[in-house]
Amino acid sequence: MQEIPLEELITKGEMSKLPFDMTLAERIRWQLELQEDAKEYLFSIGQPLVYKKNGQMIAEHADGRIIVIR
């Protein structure tokens with residue numbers, strides 16, 4: 001069995017435009033896309049999205065459940 005080096009399994013993306021070259025609208029859209037990508041990734045590995053809202057810690061699950069942690 002041949003072992004594949006870890007470097008060949010990892011890909012790195014490149015941004016087409018750096019954040020300091022973006023307009024305000026582009027930066028806002030980029031930040032929203034990052035948040036959605038993180039949420040999708042967490043759900044894909046079976047983890048909830050945890051965030052703070054109105055002073056409370058919230059766990060949002062892929063099935064739509066929202067649980068107040070504290």
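The values are calculated or read from the model by the stated rules, or taken from the named source; none is laboratory data. This is a predicted model, so every value here is computed, not measured. FYI the Cβ positions are ideal-geometry reconstructions off the backbone, even for glycines, and counts take in every protein chain you see. SASA here: full protein model, heavy atoms, side chains in, ligands and nucleic acids out. Shrake-Rupley method; radii C 1.70, N 1.55, O 1.52, S 1.80 Å.
Applying a DSSP loop filter and a limit of 11 other Cβ atoms within 10 Å to the trypsin sites (Lys or Arg not before Pro) in the range 1-33 leaves Lys12, Lys17. Solvent-accessible area assigned to carbon and sulfur over the range 22-69 amounts to 56 percent, based on a 1.4 Å probe. Spin-label pair Ile10-Arg27: with each label point 7 Å from Cα along the Cα-Cβ axis, the two points sit 2.9 nm from one another. Placing Met57, Met15 in order of accessible area, with the largest value first and a 1.4 Å probe, yields Met15, Met57. In the context of the full set of protein chains, the chain has a per residue accessible area of 93 Å² (1.4 Å probe). Can you give me the relative contact order of the chain as a percent, contacts being Cα pairs under 8 Å and 6 or more apart? Relative contact order comes out at 15 percent.
In plain terms, the chain from Lys53 to Leu34 could stretch by 5.0 nm, reckoned as 0.36 nm per residue minus the Cα-Cα distance. Checking the a/c ratio against 1.5 first, then a/b against b/c, what shape does the Cα gyration tensor give for the chain? Since a/c reaches 1.5 but b/c is at least a/b, the shape of the chain is classed as oblate.
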